[in-house]
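Asker: Please read through the structure below; I'll follow up with questions.
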Amino acid sequence: MKYCKYLFFVLAACIFSACTKTDVVEPPAPSTSRMLEYKIVNLSGDPIYGVINDAEKSVKVYLPYHLFMNILQPEIKVSEGATVTPGSSTIVDSVLFQVFNPGTFKYKVTGKNGGSTDYTLFVEVHQPDIAVDELSPDAANPVELKASVSSDVKTNVKLTGKNFLQLAAPYIRPEVIFINSAGVEVPMYGHSGVNTSGYNLSEFTFIMPMQDKAAPGLYTVKVRNYAREVTLKNKVKIIAP
């Protein structure tokens, strides 16, 4: 009986010891090559802060479209003793290039221990989506559009849709781009003088490319309006004037 009691206490002590044992796990050492803050300062009023994602190694900047920013001037804070390339206050040219070519601009943060982290910049403009009505309602029957001949003999074409921006200052107009079967882009010649300025417009008129720029054939149509872009589903047929 005494042996049983002794065995019971030994087992209880072992169980208690096992239950209360704590394994100490040291946390990983903090990175010495982190981007801590990214803010845009070349605007009036409060700066715009970028969203830094250490897991994705990215920094995302969200811009209100009514600011119509062409460049970005960021102020960047990094880990103590670290450096960043391009450096803080280095201008990021062409906001729209960053919008339509995401992931092309990168920062390298180099820590004091020599390790480094690359962060990719993404820029998004909060502009209402544009909608563009098809120039060719029937995909099997592409509409025929005559190329322009000269600055005096031009072909005007009206496009309808939603949320078009046409402003005089800053100068912003919808752009129409024709893409041939080889992937070559042929821009429109220009805009018609009948267009009005404003926000959320439902139509605009453009001038077809010159005949020496757009050979007869089938073309895909892309419409770009500031930070928004739409490619029409149905092709058009450009013909000689």
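Asker: Restricting to segment 8-52, and then to whatever is polar (S, T, N, Q) and modelled with pLDDT of 65 or more, can you tell me which residue is surrounded by the fewest Cβ atoms within 10 Å (Cβ to Cβ)?
Answerer: Selected residue: Ser44.
Asker: Another question, then. Which is farther than 30 Å from Met210 by Cβ, in a loop (DSSP other than H, G, I, E, B) and of a type in the set (Lys, Arg), of Lys106, Lys112? Don't jump to the end; show me each part of the working.
Answerer: Values: Lys106 fails: in a loop (DSSP other than H, G, I, E, B).
Just a single option satisfies the conditions, and that option is Lys112.
Asker: A further question on this structure: Test each condition in (1) more than 16 Å from Lys233 (Cβ to Cβ); (2) among the polar types (S, T, N, Q); (3) part of a loop (DSSP other than H, G, I, E, B); (4) in contact with a Leu (Cβ under 9 Å, 6 or more places away or on another chain) for Ser151 and report the one that comes out false.
Answerer: Condition not satisfied by Ser151: (4).
Asker: Okay, moving on. When segment 61-70 is examined, which residues are found to be part of a strand (DSSP E or B) and more than 18 Å from Ser88 (Cβ to Cβ)?
Answerer: Correct list: Tyr62, Leu63, Pro64.
Asker: In segment 149-188, what count of residues is obtained for those that are surrounded by 17 or more Cβ atoms within 10 Å (Cβ to Cβ) and farther than 19 Å from Val230 by Cα?
Answerer: Qualifying residue count for the region: 2.
Asker: Can you go through Gly111, Gly87 and tell me which one is in the same structural domain as Lys57 (by TED's automatic domain parsing), touching a residue at least 24 places away in the same chain (Cβ under 8 Å) and over 28 Å from Thr231 (Cβ atoms)?
Answerer: Checking each option against the conditions leaves just Gly111.
Asker: Would you check if there is a residue in segment 82-92 being more than 23 Å from Val221 (Cα to Cα), modelled with pLDDT of 95 or more and within 14 Å of the chain's Cα centre (by Cα)?
Answerer: yes
Asker: For Asn200, are the conditions met, namely being within 26 Å of the chain's Cα centre (by Cα), surrounded by fewer than 16 Cβ atoms within 10 Å (Cβ to Cβ), in the same structural domain as Val149 (by TED's automatic domain parsing) and over 21 Å from Val153 (Cβ atoms)? Break it down into steps so the answer makes sense when it comes.
Answerer: Details: within 26 Å of the chain's Cα centre (by Cα): yes; surrounded by fewer than 16 Cβ atoms within 10 Å (Cβ to Cβ): yes; in the same structural domain as Val149 (by TED's automatic domain parsing): yes; over 21 Å from Val153 (Cβ atoms): yes.
Considered against the rule, which asks whether it is within 26 Å of the chain's Cα centre (by Cα), surrounded by fewer than 16 Cβ atoms within 10 Å (Cβ to Cβ), in the same structural domain as Val149 (by TED's automatic domain parsing) and over 21 Å from Val153 (Cβ atoms), Asn200 comes out as yes.
Asker: Of the residues Leu145, Leu135, only one is at pLDDT 95 or above, part of a loop (DSSP other than H, G, I, E, B) and surrounded by 14 or more Cβ atoms within 10 Å (Cβ to Cβ); which?
Answerer: Leu135
Asker: For Ala140, are the conditions met, namely being under 30 Å from Tyr62 (Cα atoms), of a type in the set (Gly, Ala, Ser), without any contact (Cβ under 8 Å) to a residue 60 or more places away in the chain and not assigned by TED's automatic domain parsing to the domain that holds Lys60?
Answerer: Values: under 30 Å from Tyr62 (Cα atoms): no; of a type in the set (Gly, Ala, Ser): yes; without any contact (Cβ under 8 Å) to a residue 60 or more places away in the chain: yes; not assigned by TED's automatic domain parsing to the domain that holds Lys60: yes.
The answer is no for Ala140.
The values are calculated or read from the model by the stated rules, or taken from the named source; none is laboratory data. Just so it is clear, the structure is predicted and the values come from calculations on it, not from any experiment. Positions of Cβ are generated from backbone atoms using ideal geometry, with glycine treated the same way; all protein chains shown enter the neighbour counts.
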